[in-house]
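Taking it in order: structure first as structure tokens, then the write-up.
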Amino acid sequence: MRVFAVAEIRLGELDPVSVELLNLANSVKGDGKSEAVVIGKDVGSFAEELAKYADVVWKIEDDSLENYNPELYADVLLQLFEKEKPDLILFPNSSRGAELAPLVASKLNAPIATDVVGVDVKDGIKVSRYIFQGKLMVDIMLKKAECYVLTVRQGVFKEGEETNGEIVDAGIKPKVTPRREFVGIIEPEVGEVDISQADIIVSVGRGIEDASNIELAEELAKLLGGVVAGSRPVIDNGWLPKDRQVGISGKTVKPKLYLALGISGAFQHVMGMKDSELIIAINKDPEAPIFGVAHYGVVGDLFEIVPVLIEKLQKIKG
């Protein structure tokens, strides 16, 4: 099948979710092709990066496409899909993807599923997504159609192989006059790190007890070369910024090491980190659900155990 992944450029940089879409595309394409679409002004460097993971990269360039405009972007995408018939179109489940995907799907009369975390193409298109604020995961079989549109959750499809594909200039320009006008960008508060891309995460839960104690986790994370994140209670208390939240209502992470300190392991949190390569949990409660997903667990007081870990790491590092 021909699987198109619509890349996303934000503030002059290629969003890593673009590669994740291609990882998914490559896993479901079968004997077909993974095809990236990159839209903007002077997107050659982004196309080269995407070509490492796609069989084909379609460049759509024009001065009017320098800044995101849903009407222009939908127009050029539909022009491309009129010439190059897709079987499956993937968008990031971002604010931009959530706007563009329905526009494209409605014009193509294509079934759409949003915020998917799994895709099965063995017998039609079946997707997995969470409902009821992450309390349940459901499998949804989309009705049979010529084309399907999905928005994909970031941080889920981080594993993939390089393919080294070709870059093609689509030769497409916008044909519509947009009703919206780009005025400017109001940048959000910039977080220090993107936890969804971190290889090592030290995550704290309610057991950290107070904001001042997070310094302990920060010291441990620094020695490990990682970053600090937290469960929802920590974020709700204002002890860490929202962009550090792991879980259904936060970010999905798949680090090489996830060290959970004082985290009970509520379902909503576990769904955001269960696919980490190595999970180590420290909790006083031997019945804490986090031990159900941890590869290694320590039943004990984090305030006794973490200082010992820090001391050992300091000695190893000299």
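Overview of values
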quantity: Region 14-62 - residue that is assigned to a strand (DSSP E or B) and of a type in the set (Asp, Glu) and, of those, nearest to VAL152 (Cα to Cα); calculated: GLU35
quantity: Output for region 207-261, where each listed residue is of a type in the set (D, E, K, R) and not in a loop (DSSP other than H, G, I, E, B); calculated: GLU215, GLU218, GLU219, LYS222, ARG232, ASP236, LYS242, ASP243, ARG244, LYS251
quantity: Candidates LYS222, LYS175 - the one that is under 30 Å from VAL37 (Cα atoms) and of a type in the set (Lys, Arg); calculated: LYS175
quantity: Cross-chain or 6+ apart pairs with Cβ under 6 Å, region 233-245 first and more than 17 Å from GLU215 (Cα to Cα), then among the small types (Gly, Ala, Ser) and not in a helix (DSSP H, G or I); calculated: ASP243/GLY191
quantity: Test: residue in region 23-34 that is under 27 Å from PRO178 (Cα atoms), at pLDDT 95 or above, assigned by TED's automatic domain parsing to the domain that holds LEU150 and touching a helix residue (DSSP H, G or I) at 6+ places or on another chain (Cβ under 8 Å); calculated: no
quantity: Verdict on PRO307 being assigned to a helix (DSSP H, G or I) and not assigned by TED's automatic domain parsing to the domain that holds VAL152; calculated: yes
quantity: Search result, residues across region 100-115 that are within 23 Å of ASN23 (Cβ to Cβ) and modelled with pLDDT of 95 or more; calculated: LEU100, ALA101, VAL104, ALA105, ALA110, PRO111, ILE112, ALA113, THR114
quantity: Residue that is surrounded by the most Cβ atoms within 10 Å (Cβ to Cβ), among those in region 81-99 that are out of contact with any Ser or Thr (no Cβ under 9 Å at 6 or more places or on another chain) and either of a type in the set (A, V, I, L, M, F, W, C) or closer than 17 Å to VAL127 by Cα (or both); calculated: ILE89
quantity: Close pairs (7 angstrom Cβ cut-off, 6 or more residues apart or separate chains): basic (Lys, Arg) in region 298-318, in a helix (DSSP H, G or I) and surrounded by 14 or more Cβ atoms within 10 Å (Cβ to Cβ) anywhere; calculated: LYS317/LEU223
quantity: Test set (1) surrounded by fewer than 17 Cβ atoms within 10 Å (Cβ to Cβ); (2) under 14 Å from the mean Cα position of the chain (by Cα); (3) of a type outside the set (S, T, N, Q) - ASP42 fails condition number; calculated: (2)
quantity: Positions within region 196-226 being touching a Lys or Arg at 6+ places or on another chain (Cβ under 8 Å) and crowded, with 20+ Cβ neighbours inside 10 Å, in sequence order; calculated: SER196, GLY207
quantity: Residue ID - surrounded by the fewest Cβ atoms within 10 Å (Cβ to Cβ), chosen from residues in region 1-34 that are under 16 Å from PRO92 (Cβ atoms) and among the acidic types (Asp, Glu); calculated: GLU13
quantity: Selection status of ASN93, over 17 Å from the mean Cα position of the chain (by Cα), more than 15 Å from VAL28 (Cα to Cα) and not aliphatic (A, V, I, L, M); calculated: no
quantity: Lone unmet requirement of (1) modelled with pLDDT of 95 or more; (2) touching an Asp or Glu at 6+ places or on another chain (Cβ under 9 Å) for ILE201; calculated: (2)
quantity: Top-ranked residue in region 111-157 [being among the basic types (Lys, Arg) and assigned to a strand (DSSP E or B); ranked as surrounded by the fewest Cβ atoms within 10 Å (Cβ to Cβ)]; calculated: LYS126
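For (1) within 24 Å of ASP194 (Cβ to Cβ); (2) assigned by TED's automatic domain parsing to the domain that holds VAL117; (3) crowded, with 19+ Cβ neighbours inside 10 Å; (4) in contact (Cβ under 8 Å) with a residue 40 or more places away in the chain, each residue gets a yes or a no:
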residue: TYR258; (1), (2), (3), (4): yes, no, yes, yes
residue: SER264; (1), (2), (3), (4): no, no, yes, yes
residue: LEU278; (1), (2), (3), (4): yes, no, no, no
residue: ASN283; (1), (2), (3), (4): no, no, yes, yes
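The values are calculated or read from the model by the stated rules, or taken from the named source; none is laboratory data. Since this is a predicted model, take the numbers as computed values, not measurements. Note: ideal-geometry Cβ built from the backbone for every residue, glycine included; neighbour counts use all protein chains shown.
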